[in-house]
Amino acid sequence: MVIDIKLNEALNVYDFDGFITEYFSYGEGHINNTYCVCVKTSDAKERKYILQRINSNVFKEPLKLMENIYNVTSYLKDEIIKNDGEYLRETLNLIKTKDNNYYYIDSDKQVWRAFYFIEDTICLQSVEKIEHFYESAKSFGKFMRQLSEFPAEKLHETIAKFHDTPNRLNNLKNAINADKLGRVDLVKEEISFALSREKDCSYLMDRLDRNELPLRVTHNDTKLNNILFDKYTQKGICIIDLDTIMPGLCANDFGDSIRFGASTATEDEPDLSKVHFDLELFETYAKGYLEVTSDILTETELESLVWGSKLMTLECGIRFLTDYLDGDTYFKISRENHNIDRARTQFKLVHEMEQSFDKMLEIVKKYYKK
Ligand code: ADP
Ligand code: GN1
Ligand code: MG
């Protein structure tokens, strides 16, 4: 990653309570530019911070996004304190600038924010031990519960139509018609895979329109690397990456976790023979998630979890494919064909989920305890 030109400017607006010893780009997110800042305090202690530049290509109204994060983390802090938890580890905590602001706008009008670094945690790029996946399910379920009384009307929509799958398919059609880089001929098979599932795309949105599925406060980007695990206990402790918290469907949160975690390979594995949808991982996640959420989910929502798994995977594949056709302007890439490799893994998973759909339905029913 190219280091931001204004990084020094941003480093200077924070009083990090000591002098900076080093900083480096950090993590494997596809969207923001993230840095770890190491500091030595006046009493010679080492302390770390996360400094991020918000991707303004993706988030058109970063100040509204920051208002969401401030409101949600303040609410979570109160909830955690009420339950005798440790708010400095169990939620993100924003750091104020020297001017007493929760964000900084640099001289190029880019928006930055900083958080306390949560120490002694691990962040996983794939499921290494099945217990981690079970823990992540409980954590994401708990997160939705914690926010169940949060006033949803306070939240801004940070990306319009974020999980509107039919709209994502339309964007793909537009990219095909524009064919900016002449790539359409290279990915005919992938395009027809996506287009042939047009009818499926509207399954959840139709039910939402008919009020059969409730809107909840959801995270909307529930992949495994958006959770930090305690290094010692291996329990999920903190949900991070709160940029897309918006009113949404629990099916999408559940489904996005499945898309990323219930695969035998990483999201960008180029060798498709290694990529499979793993029903045991699916069952593990369903068990953990439903242990925490069963009592608040309706029966229609329960069935929607299986649809969410398929549609979030299909939608993500459609988004990677669209970005490939558009010239890789949305998701960070680190090699040629990165986005098309990603799209192919998603479509392979969708195909295998379709084969296992009835079994997936049986599994969610098995763990639904009212
Ligand atoms: P992106 O939106 O680009 O995915 P994230 O907010 O998820 O950015 O941050 C990228 C990575 O930085 C995370 O996957 C995690 O490894 C690390 N990270 C983010 N916030 C913290 C934090 N407060 N403490 C420790 N690590 C963090
Ligand atoms: C992006 O920010 P990150 O890397 O956690 C994307 C998600 C995709 C994901 C695919 C704001 O998530 O929607 O599912 O990549 N985030 C945004 O890995 O578009
Ligand atoms: Mg992330």
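The values are calculated or read from the model by the stated rules, or taken from the named source; none is laboratory data. All values reported here derive from a predicted model rather than from experimental measurement. Virtual Cβ from ideal backbone geometry, glycine too; neighbours counted across all protein chains shown. The area values use the complete protein model at the heavy-atom level, side chains included, leaving out ligands, DNA and RNA. Shrake-Rupley method; radii C 1.70, N 1.55, O 1.52, S 1.80 Å.
Points worth noting:
- Solvent-accessible heavy-atom area per residue, rounded to whole Å², over segment 50-186 at 1.4 Å: 52 Å²
- Restriction of the GluC sites (Glu not before Pro) in segment 41-86 to DSSP coil positions whose beta-carbon has at most 12 other beta-carbons within 10 angstrom yields 86.
- Distance between the modelled labels on residue 60 and residue 21, one decimal in nanometres: 4.4 nm (7 Å Cα→Cβ projection).
- Sum of side-chain charges, residue 203 neighbourhood, beta-carbon under 15 Å (Lys, Arg +1; Asp, Glu -1): -4
- Per residue, the average separation of C-alpha pairs within less than 8 Å and at least 6 apart gives the chain a relative contact order of 18 percent.
- As a size descriptor, the averaged projected area of the C-alpha convex hull of segment 271-341 was calculated at 6.5 nm².
- Mean projected area in nm² (Cα convex hull; one quarter of hull surface) for segment 80-175: 11.1 nm²
- Residue 362-residue 125 FRET efficiency (beta carbon distance; Förster radius 22 Å; 0.05 resolution): 0.15
- Largest to smallest principal axis extent of the C-alpha atoms in the chain, angstrom: 60, 53, 38
- Over all pairs of different C-alpha atoms, segment 1-115 has a mean inverse distance whose reciprocal, the Kirkwood radius, equals 15.1 Å.
- Candidates per trypsin sites (Lys or Arg not before Pro) in segment 1-90, loop by DSSP, up to 13 other Cβ within 10 Å: 45, 60
- Rg of the Cα atoms in segment 58-132, relative to 2.2 N^0.38 Å, amounts to 1.36.
- Violating pairs (Cα-Cα greater than 24 angstrom) within the set 45/96; 231/359; 138/223; 138/369; 77/287: 231/359; 77/287
- Charge dipole magnitude, Cβ of K and R +1, D and E -1 - the chain, Cα centre, debye nearest 20: 240 debye
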